[in-house]
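I have placed the structure first, in the form of structure tokens, so that the comments after it can refer back to it.
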Amino acid sequence: KQYVVNQLKYAHLNAFISRTDPSSLTGRPPSPDPKDAESGLHSVYDKPIAIKDNICTKDFKTTAASGILKDFTSPYDATVVKLLQDAGAVMVGKTNMDEFGMGSHSTHSHAGPVKMQRYEGDEASAGGSSGGSALAVASSQCWAALGTDTGGSVRLPAAYTGVVGFKPSYGLLSRWGVIAYANSLDTVGIFARNARIVETVFDKLNVYDPQDPTSLSPSTRSRLGSNEGRSESLRIGIPLEYNIATLHPAVRSAWIRALQALSEKGHTLHPVRLPSTQHALSAYYILAPAEASSNLAKYDGVRFGSRAEGVDGTPESVLFATTRGQGFGSEVQRRILLGAFSLSAQAIGNYFIQAQKIRRLVQQDFNNVFATDNPLGDEKTSPKQAEEGVDVLICPTVPTLAPPLSEVKSQDPIQAYMNDVFTVPASLAGLPAISVPIHTTHKECAAVHGENDIRESAGIQIIGQYGDDKLVLHTADALQ
Ligand code: GLN
């Protein structure tokens, strides 16, 4: 009932692009899955769940917050949506986002910007690109929400809005029916108030899907999670490269408090180095737009997408250019141009190929610090590394707290891209990563205004070896 009340109360946050009539959310008899009830776990039965608007649903339009898809309704549900519906979850609506997942503040949307309001007069960034999903959870308009994370789009908004946001290992959750941004990086992610709810939803979705060619096969799945039993006393890595000069003092202090809390629980702390991290952001902003420029080529008003008006009788090239010029927002157009350039014959060697090499170095950096092997790689860790390596890494999710929307509006694109500096390394390496909110104290932040649903907090990120999703979730639970 509270969710229904909040959906009306928080309509001004613009977290949803389309939503179910709240009256249809009431009156469903609670009848949890007997298996879940037996194991004492939460069940998703009857739970209101919001879905990011780039995940296909039969019952709602799927616009990806783009003008070019403003009239699109998918003839089928994405696998992740179907799995939740089959388990009895209630889809409450489609959440607002940055167009096609491109952005860090959920302001590049055909439906207008998402606006986080924590107290009277506040208008702050909810993060992006899954800002609507994060804010829907933060304002209790749903119990959990799905987002997508290509370079941080689940973790960054979770950090800004004070909820938990989880990006699983690449290939675990099906992408069938998820509108592609950059296929080699795209993952479906989960938001909720705490890590246990995230785990409940993750358990429902973590299955092989033959319809997604990148879905991890059952035989590889059976080899994952060798680190799971180690949660008694973990070796926690502190990546020194993440302690940058521009880290907000409240974020640094939240990081220190998180490490102290884990150390008091008997885990041990170990400084580590990830030297290629400093190049990860530039590599990401070559690779992601390159894949995007190829993925978005199909929206031309003939094969896909709403055609611009008045161009029916014109030559094809004019029809395409007008449709794409009108249908795509400015940030998406910028990414298409960047991507087409870095894939062009004169630039591919200096940009795309170099970025792929950096991606490999970033992956190797992670493999060099973890105690266990990457189950997808050929290299075995040495006995010394197995002893001295770490189980998880803990670092900030984003260097700052949620900025005011007025500040975001005057930022240039590069400043917005800088927000992703701590989230893209795990994306390039396909690793599981979660953002957990650590609430800021009155002394650290002037802007704390009484008891609100949405509290100001800093996001702390936990990164694990490929396939150690459960270990990452359980470490997040220990932090809350
Ligand atoms: N902000 C990043 C970008 O714009 C990440 C987006 C995402 O993860 N979908 O590319």
Which numbered condition S43 misses (of (1) buried (at least 20 other Cβ atoms within 10 Å of the Cβ); (2) at pLDDT 95 or above; (3) farther than 30 Å from L401 by Cα):
(2)
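What residue, among those in the range 277-291 that are more than 16 Å from the ligand (Cβ to nearest atom) and surrounded by fewer than 21 Cβ atoms within 10 Å (Cβ to Cβ), is nearest to P239 (Cα to Cα)? Explain how you work it out, then say what you get.
First, pick out the residues of the range 277-291 that are more than 16 Å from the ligand (Cβ to nearest atom): 277-279.
Still in the running and surrounded by fewer than 21 Cβ atoms within 10 Å (Cβ to Cβ): 278-279.
On the way: Q278: 12, H279: 15 Å.
Ranking the candidates gives Q278 first.
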Give me the pairs, please: first residue somewhere in the range 141-163 and under 20 Å from L401 (Cα atoms), second residue anywhere and more than 12 Å from the ligand (Cβ to nearest atom) and of a type in the set (D, E, K, R), beta-carbon distance under 8 Å, and either six or more positions apart or on two chains.
G162/R455; G162/E456; V163/R193
If you check every pair at least six apart or on different chains, which have Cβ atoms under 6 Å apart with a residue in the range 419-436 that is without any contact (Cβ under 8 Å) to a residue 24 or more places away in the chain first and a residue that is assigned to a loop (DSSP other than H, G, I, E, B) and within 8 Å of the ligand (Cβ to nearest atom) second?
none
If you go through the range 175-187, how many residues are surrounded by 24 or more Cβ atoms within 10 Å (Cβ to Cβ) and either more than 13 Å from the ligand (Cβ to nearest atom) or not hydrophobic (A, V, I, L, M, F, W, C) (or both)?
4
What do you reckon, is T57 in a loop (DSSP other than H, G, I, E, B) and free of Cβ contacts under 8 Å to residues at least 40 places away in the same chain?
yes
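If you scan the range 246-265, which residues turn out to be of a type in the set (S, T, N, Q) and in a loop (DSSP other than H, G, I, E, B)?
T246
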Could you tell me whether any residue of the range 377-397 is small (G, A, S), in contact (Cβ under 8 Å) with a residue 12 or more places away in the chain and within 16 Å of the ligand (Cβ to nearest atom)?
no
Among residues of the range 358-389 being surrounded by 17 or more Cβ atoms within 10 Å (Cβ to Cβ) and of a type in the set (S, T, Y), the residue farthest from S233 (Cα to Cα) is T381
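Within the range 266-287, which residues are part of a helix (DSSP H, G or I) and either over 23 Å from D420 (Cβ atoms) or in contact with a strand residue (DSSP E or B) (Cβ under 6 Å, 6 or more places away or on another chain) (or both)?
First, the residues of the range 266-287 that are part of a helix (DSSP H, G or I): 277-287.
None; the set is empty.
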Filter the range 116-125 down to the residues that are within 14 Å of Y10 (Cα to Cα) and touching a Leu at 6+ places or on another chain (Cβ under 9 Å) and list them by number.
M116, Q117, E123
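Scan the range 114-131 residue by residue and report those that are assigned to a loop (DSSP other than H, G, I, E, B), in contact (Cβ under 8 Å) with a residue 12 or more places away in the chain and not basic (K, R). Step through it out loud before you land on a result.
Of the residues in the range 114-131, the ones assigned to a loop (DSSP other than H, G, I, E, B) are 114-115, 117-123, 125-130.
With the extra rule that they be in contact (Cβ under 8 Å) with a residue 12 or more places away in the chain, the set shrinks to 114-115, 117-120, 122-123, 125-130.
Passing the criteria: V114, Q117, Y119, E120, D122, E123, S125, A126, G127, G128, S129, S130.
Restricted to the range 402-443, and to residues that are in a loop (DSSP other than H, G, I, E, B) and more than 29 Å from N194 (Cβ to Cβ), which residue is farthest from the chain's Cα centre (by Cα)? Write out each step before concluding.
So in the range 402-443, the residues in a loop (DSSP other than H, G, I, E, B) come out as 402-403, 410-412, 419-423, 430-432, 440-443.
Adding the requirement that they be more than 29 Å from N194 (Cβ to Cβ) leaves 410-412.
On the way: S410: 24, Q411: 22, D412: 22 Å.
If we take residues in the range 402-443 being in a loop (DSSP other than H, G, I, E, B) and more than 29 Å from N194 (Cβ to Cβ), then S410 is farthest from the chain's Cα centre (by Cα).
Could you please let me know if G88 is modelled with pLDDT of 95 or more and in contact with a Ser or Thr (Cβ under 8 Å, 6 or more places away or on another chain)? First the steps, then the outcome.
On the way: modelled with pLDDT of 95 or more: no; in contact with a Ser or Thr (Cβ under 8 Å, 6 or more places away or on another chain): yes.
Spelling it out, it is not the case that G88 is modelled with pLDDT of 95 or more and in contact with a Ser or Thr (Cβ under 8 Å, 6 or more places away or on another chain).
Name the residue, out of G147, G151, that is assigned to a loop (DSSP other than H, G, I, E, B) and within 16 Å of the ligand (Cβ to nearest atom).
Values: G147 fails: assigned to a loop (DSSP other than H, G, I, E, B).
Sole residue among the options that is assigned to a loop (DSSP other than H, G, I, E, B) and within 16 Å of the ligand (Cβ to nearest atom): G151.
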Of all residues in the range 405-431, which are within 11 Å of the ligand (Cβ to nearest atom) and farther than 30 Å from L172 by Cα?
P413
Answer yes or no: is there a residue in the range 88-96 that is touching a residue at least 24 places away in the same chain (Cβ under 8 Å) and within 15 Å of the ligand (Cβ to nearest atom).
yes
Restricting attention to the range 1-29, report how many residues are modelled with pLDDT under 85, out of contact with any Ser or Thr (no Cβ under 9 Å at 6 or more places or on another chain) and not in a helix (DSSP H, G or I).
5
Check R118 against each of (1) surrounded by fewer than 24 Cβ atoms within 10 Å (Cβ to Cβ); (2) basic (K, R); (3) within 16 Å of the ligand (Cβ to nearest atom) and name the one condition it does not meet.
(3)
Helices (runs of 4 or more DSSP H) enclosed by the range 288-371 - at least 3 residues per element that are in contact with a Leu (Cβ under 9 Å, 6 or more places away or on another chain):
330-342, 352-369
From A416, A402, residue being buried (at least 24 other Cβ atoms within 10 Å of the Cβ), touching a residue at least 60 places away in the same chain (Cβ under 8 Å) and closer than 16 Å to L156 by Cβ
A402
Are any residues in the range 194-221 closer than 24 Å to N374 by Cβ and among the hydrophobic types (A, V, I, L, M, F, W, C), and if so, which ones?
A195, V198, F202, L205, V207, L216
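The values are calculated or read from the model by the stated rules, or taken from the named source; none is laboratory data. Because the structure is a prediction, the values reported are computed rather than measured. Virtual Cβ from ideal backbone geometry, glycine too; neighbours counted across all protein chains shown.
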